[in-house]
Amino acid sequence: MWRRINSAARKGTGPGRGDPSAERSGARQAVIAVSNVSKAYAAGFKALKNVNLDIRRGEIFALLGPNGAGKTTLISIVCGIVNATEGNVLVDGHDIVADYRAARQLIGLVPQELTTDAFESVWATVSFSRGLFGKSANPAHIEKVLKDLSLWDKKDSKVMTLSGGMKRRLLIAKALSHEPNILFLDEPTAGVDVNLRRDMWQLVRSLREAGVTIILTTHYIDEAEEMADRIGVISKGEIILVEDKIELMQKLGKKHLTLQLQHPLVELPAALAAYDLQLANGGTELTYTYDTQSERTGIVPLLDRLSDAGIVFKDLQTTQSSLEDIFVSLVKDAP
Amino acid sequence: MNVPAMRAIYKFEMARTGRTLMQSIISPVISTSLYFVVFGAAIGARIQQVEGISYGAFIVPGLIMLSLLTQSISNASFGIYFPRFTGTIYELLSAPVSYLEIVVSYVGAAATKSMILGIIILATAGLFVPLKIAHPVWMIVFLVLTAVTFSLFGFIIGIWADGFEKLQLVPLLIVTPLTFLGGSFYSIDMLPPFWQTVTLFNPVVYLISGFRWSFYEIADVNVAVSLGMTALFLTVFLAIVAWIFTTGYRLKA
């Protein structure tokens, strides 16, 4: 298990830090403001179409989307790796083009691909990253980051000798080497085992506790469900939804009531036609789908009508749709 | 000015030199020694003095230039191409460093490395032939200007190349022939008049001539012209690098 990032170590770095009132007032303030950003690649492919997005200070924001939706392009634009065709981005009030130094100093990026300097030592490559971001050498901080990520005993090893999981952690260490206020994690758990995923989630939480704003892209819906404060869904270059995770689950979440029938039904009685019902398992299972947000769920009248129709059930259970179901339905319905 | 970043890149590139000491330093020294053995001792013994200088000593500036040009190009092109190839360039592009800082750091490291090599070759040459440097300051000026100019050229190649073979293409097919034909091993005066004129279109002639003048005060072309041409190459390469960074050519989509 990796160590938790020491929140005390991060206090006092960056605007609004160390002042509780400022932290409270700044909690909802956008630390990244993406305005009308579009990106058309040279081949003509439009990767992003008029994207507007605000990331709040101190939150964990999960950007979900299928392959090729534009997640990495959006991150790359904010970080300065790709030029936007139109629009602008402010990072803590600094324009990413006009004031790129101030903007980039605040950001740490963990890329999706395991791109590393194979022949360098762990210590050298992490120290290099710190220098690159304009920070003077601080061996104590590098030591702490490497220890937090369980890489300390590998500090003198060449990067090429590390396992895939270690390389992933190394990329995180490089991104954290300059003490960023904003951390981008582009599919941080792609291809990593369950333990590493859980450790990474733990790390992300402790970074958030230390005041770091985290933007992660992921294919794993459970990851977003587990970690995120807010969720954005991007599809075909457009942000189709940005919502507080809990509200999203409540708003778009459907519940299913499944009744195990005593005797199988061949077809539904006409009296039940008004309900969203489905028969399954050879007529022995009746599923009623209802909206959690509606005033009345309709469960009581349904049960009354079933009783009137002489349909007897021996067991029942309710289930709620997961973020994955919501995501799939959103992306499917996207234009 | 992001000095820590420049220091980090420079140190990183110099550390790479340290790791590849064999191919960086030792192999050019060995090949230069072979040139001395073949051209200086074996063939040179049958050639009369060139403008009062023994043939072995005459070829020293040309040999140093040959290594300086090819090494500056290969150091700088590899230095920037490798992060592009492995993908680690993302870090450079997302860091708070200006284009100028990136160029100065990479080109500075590549030029340092080739200048060290040039001085090592000079010292090696001293073992074979008696050396005389008439204008040491100008010798250093030509050394630095050429190393920086051709490291910039290498940087451009490293950004233009989309495969390892292209990295080798320009040094092997253009720079080495131009250096061999640019008066490394002979004085232009030895050529028939027509080829003397043709040779003047070879930019390397001006570099070698100026450099040789700083050693022996003999030159194929006027020293001021040599210096002017070197400055012109520097300006052209700087303009291309500026264009690369303004447009993001092969660096940013």
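The values are calculated or read from the model by the stated rules, or taken from the named source; none is laboratory data. Because the structure is predicted, anything quoted here is derived from the model rather than measured. Cβ: placed from backbone, ideal geometry, glycine included. Neighbour counts: every protein chain shown. These area figures cover heavy atoms from the full protein model, side chains too; ligands, DNA and RNA do not enter into them. Shrake-Rupley method; radii C 1.70, N 1.55, O 1.52, S 1.80 Å.
Projecting the Cα atoms of A:Val192, A:Ile55, A:Leu207 onto the charge dipole of chain A (Cβ charges, centred on the Cα centre) puts A:Leu207 farthest toward the positive pole.
Straight-line cross-link partners of A:Lys254 among the lysines, defined as a Cα under 16 Å from its Cα and at least 8 positions apart when in the same chain: A:Lys245. For the range B:131-246, the convex hull drawn through the C-alpha positions has a volume of 112 cubic angstrom per residue.
About the Cα centre, and with charges only on the beta carbon of Lys, Arg (+1) and Asp, Glu (-1), how big is the dipole of the range A:253-321? Nearest 20 debye, please. It would help to have the intermediate numbers written out before the result.
On the way: 5 positive and 8 negative charges, 23 e Å.
That gives a dipole near 120 debye.
On C-alpha positions alone, give me the angle between the axis of helix B:60-86 and the longest principal axis of chain B, in degrees, nearest 10. Computed tilt is about 20 degrees. The Cα-based radius of gyration of the range A:22-94, divided by its Kirkwood radius, gives an Rg/Rh of 1.01.
Scaled to the compact-protein estimate 2.2 N^0.38 Å, what is the alpha-carbon radius of gyration of the range B:46-87, rounded to two decimal places? It would help to have the intermediate numbers written out before the result.
On the way: Rg = 17.4 Å, N = 42, 2.2 N^0.38 = 9.1 Å.
Compactness ratio reported: 1.91.
Phi-derived couplings, Karplus 6.51 cos²θ - 1.76 cosθ + 1.60 at θ = phi - 60°, listed residue by residue for the range A:282-287: x, x, 8, 10, 10, 10 Hz, with x used for Gly and Pro.
What size of dipole, in debye to the nearest 20, comes out for the range A:56-174 about its Cα centre when the only charges are +1 on Lys and Arg C-beta atoms and -1 on Asp and Glu C-beta atoms?
Details: 16 positive and 12 negative charges, 68 e Å.
For this selection, approximately 320 debye.
Take the Cα radius of gyration of the range A:190-327 and divide it by 2.2 N^0.38 Å, N being the number of residues; the result is 1.42. Within the accessible area of the range B:4-102, the carbon and sulfur atoms contribute 67%, probe 1.4 Å, all protein chains present.
Note on A:Glu113 and B:Asp162: with the Förster distance fixed at 25 Å, the Cβ-Cβ geometry gives a FRET efficiency of about 0.90.
Divide the volume of the convex hull of the Cα atoms of the range B:112-166 by its number of residues and quote the answer in cubic angstrom per residue.
Numbers: hull volume 5.0 nm³, N = 55.
Convex hull of Cα atoms, per residue: 92 Å³.
Report in % the part of the accessible area of the range A:7-250 that belongs to carbon and sulfur, leaving out ligands and nucleic acids; probe 1.4 Å.
Details: 4740 of 9460 Å².
Carbon and sulfur: 50 percent of the exposed surface of the range A:7-250.
Students often get this wrong, so check it: of A:Lys46/A:Lys236; A:Lys147/A:Lys174; A:Lys46/B:Lys252; A:Lys46/A:Lys71; B:Lys11/B:Lys252, which have C-alpha atoms separated by over 18 Å?
Working: A:Lys46/A:Lys236 9 Å; A:Lys147/A:Lys174 13 Å; A:Lys46/B:Lys252 16 Å; A:Lys46/A:Lys71 13 Å; B:Lys11/B:Lys252 25 Å.
Where the Cα-Cα span goes over 18 Å, the pairs concerned are B:Lys11/B:Lys252.
Peptide A:127-139 has a mean shielding of 6, counted as Cβ atoms of other protein chains within 10 Å of each residue's Cβ.
Sorted on the mean count of surrounding Cβ atoms within 10 Å across their residues, most packed first, peptides A:230-241, B:26-37, A:198-209, B:201-212 read B:201-212, A:230-241, A:198-209, B:26-37.
How high is the FRET efficiency between B:Val236 and A:Asp193 when r is their beta carbon distance and R₀ equals 60 Å, given to the nearest 0.05? Please list the in-between numbers first.
On the way: r = 53 Å, r/R0 = 0.89.
It comes to 0.65.
Mind grabbing the interface size between B and A? I mean buried accessible area, both sides, 1.4 Å probe, in Å² to the nearest hundred.
Details: alone 11990 and 16610 Å², together 26180 Å².
Roughly 2400 Å².
If you take the Cα atoms of the range A:240-303, find Rg, then find the Kirkwood Rh from the mean of 1/r over all pairs, what is Rg/Rh?
Taking Rg over the Kirkwood Rh, I get 1.09.
Give me the inter-chain shielding for A:74-82: mean count of other chain Cβ atoms within 10 Å, whole number please. Per-residue shielding by partner chains comes out at 4.
Treating only the Cβ atoms of Lys and Arg (+1) and Asp and Glu (-1) as charged, compute the dipole magnitude of the range A:156-251 about its Cα centre; round to the nearest 20 debye.
Details: 13 positive and 16 negative charges, 73 e Å.
Once rounded to the nearest 20, the dipole reads 340 debye.
For the range B:14-79, compute Rh as the Kirkwood radius over C-alpha pairs and then the Stokes-Einstein diffusion coefficient at 10 °C and 1.306 mPa s; write the answer in µm²/s, rounded to an integer. It would help to have the intermediate numbers written out before the result.
Values: Rh = 13.2 Å.
The Stokes-Einstein estimate is 120 µm²/s.
Using only the Cα atoms, work out Rg/Rh for chain B, with Rh taken as the Kirkwood radius, to two decimals. Display every interim value, and only then the final one.
Values: Rg = 18.6 Å, Rh = 18.8 Å.
Radius of gyration over Kirkwood radius for chain B works out to 0.99.
Leaving out ligands and nucleic acids, note down the accessible area per residue over chain B with a 1.4 angstrom probe, in whole Å².
Working: 10750 Å² over 253 residues.
Solvent-accessible surface per residue comes out at 42 Å².
Panel values: chain A, Kirkwood radius from alpha carbon pairs, Stokes-Einstein at 37 °C and 0.692 mPa s, translational diffusion coefficient 146 µm²/s.
How large is the Kirkwood hydrodynamic radius of the protein assembly as shown, in angstrom, based on all distinct alpha carbon pairs?
Working: mean 1/r = 0.0353 Å⁻¹.
This gives a value of 28.3 Å.
Heavy atoms of the protein chains alone define the surface here; on that basis chain A has 46 Å² accessible area per residue at 1.4 Å probe size. Values of log10 I(q)/I(0) for the range B:37-117 across q = 0.19, 0.22, 0.23, 0.24 Å⁻¹ run -0.84, -0.99, -1.04, -1.08, by the Debye formula with one identical scatterer at each alpha carbon and no solvent. With the simple model of a label 7 Å out from the Cα in the direction of the Cβ, A:Asp325 to A:Glu295 spans 2.5 nm. Can you give the FRET efficiency for B:Ser31 and B:Val137, using 1/(1 + (r/R0)^6), R0 = 35 Å, r = Cβ-Cβ distance, to the nearest 0.05? Efficiency for this residue pair is about 0.75.
Taking all pairs of different Cα atoms in the range B:1-143, averaging 1/r and flipping that mean, what Kirkwood radius in angstroms comes out? Present the calculation step by step, with values, prior to reporting the outcome.
Numbers: mean 1/r = 0.0593 Å⁻¹.
Final number for the Kirkwood radius of the range B:1-143 is 16.9 Å.
Find which of B:Phe194, B:Ala8, B:Gly210 sits farthest along the positive direction of the dipole of the range B:3-247, computed with +1 on the beta-carbon of Lys and Arg, -1 on that of Asp and Glu, about the Cα centre. Final value for the positive-end residue is B:Ala8. Take each residue of peptide A:102-108, count the partner chain Cβ atoms within 10 Å of its Cβ, and average: the result is 2. Can you give the Kirkwood hydrodynamic radius of the range A:100-194 from its Cα pairs, in Å with one decimal? After inverting the mean inverse Cα-Cα distance, the result is 13.3 Å. Share of carbon and sulfur in the accessible area of the range A:253-321 stands at 47%, probe radius 1.4 Å.
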